[in-house]
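Take a look at the structure set out below.
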Amino acid sequence: MTDNPNSDTTATSESKEPIAQGETKRKFQGHFHFVISALSCYRINRYEDRKVHPGEIGSGIDSWKEDDHTLAIEEGRRQVGAQYAQLQYVTSRASILLPVGIALSAYLLSALDDLSKLEQPAQSIAHVLLGVGAALAIWGVAVMGALIGGRSALGTIDTALLTEEPAGLREHLARDYAEIVARGEDTNAARLTHLGTGVTCIVVGATLGALGLALSQWGPMQALTVTPS
């Protein structure tokens, strides 16, 4: 019997910390890769950084009958339509936030023009806040631009390719819709994550910029000692 009854709990919590840090790092890398890839028009297969849906088709489909295939196709069409609607929702929100982020970035950058009072500690802190706020707002603008201009990874059914398949198209369509739905779920989940990150950057940037503007206007001023020549 151990003397420390919480030893198992402590070991479990310590083992989860590296996993959480690795997950955060992976999400940040995926977010950065998504933005850079979309803005540079670099072609990648998928714009996703998280797996929320199993991409493997179950073995039960092998025993399906014709009615089962028909039902799966109808359900797949419904889910794909909902995924396209969600994709349009994310794109429309990004289109609204893009000019807001641009205006905020321009305003915060214009407030950095006055460098005559940097000898004052309050003014130095205010400029740091304005600079960080502007940088976050600019990154938020980049995220919104990537969401608007990035190529979506939602799949579609190519009728021309179907002509190459043998008889029994319902079975092929059922399999295709299963793969398309899984890919669309991952894509939309990733884009919602990117949208949330971009909104957070813009909001935090606006908050820091407001604090910087307030400090530059009403911050304490210290009398400077003038050394006679």
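The values are calculated or read from the model by the stated rules, or taken from the named source; none is laboratory data. Just so we're clear, the structure is a prediction, and the values are computed from it rather than from any experiment. Positions of Cβ are generated from backbone atoms using ideal geometry, with glycine treated the same way; all protein chains shown enter the neighbour counts.
Looking only at residues in region 12-45 that are at pLDDT 65 or above and polar (S, T, N, Q), the one that is farthest from Trp139 (Cα to Cα) is Gln21. Sub-8 Å Cβ pairs linking a first residue in region 23-37 that is basic (Lys, Arg) to a second residue that is modelled with pLDDT of 75 or more and in a helix (DSSP H, G or I), at least 6 apart or interchain, are Lys27/Thr193, ordered by first then second residue.
Take Gln83 and decide whether it is under 27 Å from Leu215 (Cβ atoms) and either at pLDDT 80 or above or assigned to a helix (DSSP H, G or I) (or both).
Details: under 27 Å from Leu215 (Cβ atoms): no; either at pLDDT 80 or above or assigned to a helix (DSSP H, G or I) (or both): yes.
Answer is no for this residue.
Let's see how each residue does on (1) over 21 Å from Val199 (Cβ atoms); (2) of a type in the set (A, V, I, L, M):
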{"residue": "Asp62", "(1), (2)": "yes, no"}
{"residue": "Glu66", "(1), (2)": "yes, no"}
{"residue": "Gly81", "(1), (2)": "yes, no"}
{"residue": "Gln86", "(1), (2)": "no, no"}
{"residue": "Ala94", "(1), (2)": "no, yes"}
{"residue": "Pro99", "(1), (2)": "no, no"}
{"residue": "Ser105", "(1), (2)": "no, no"}
{"residue": "Ser124", "(1), (2)": "yes, no"}
{"residue": "Ile138", "(1), (2)": "no, yes"}
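Being without any contact (Cβ under 8 Å) to a residue 24 or more places away in the chain and surrounded by 13 or more Cβ atoms within 10 Å (Cβ to Cβ) is the filter here, so list the residues in region 83-98 that pass it. Passing the criteria: only Tyr89.
When the helices (runs of 4 or more DSSP H) confined to region 112-226 are screened for residues that are surrounded by 14 or more Cβ atoms within 10 Å (Cβ to Cβ), modelled with pLDDT of 80 or more and out of contact with any Gly (no Cβ under 8 Å at 6 or more places or on another chain), those reaching at least 2 such residues are found at 121-149, 169-218.
In the set (1) modelled with pLDDT of 80 or more; (2) surrounded by 10 or more Cβ atoms within 10 Å (Cβ to Cβ), the condition left unmet by Asp67 is number (2).
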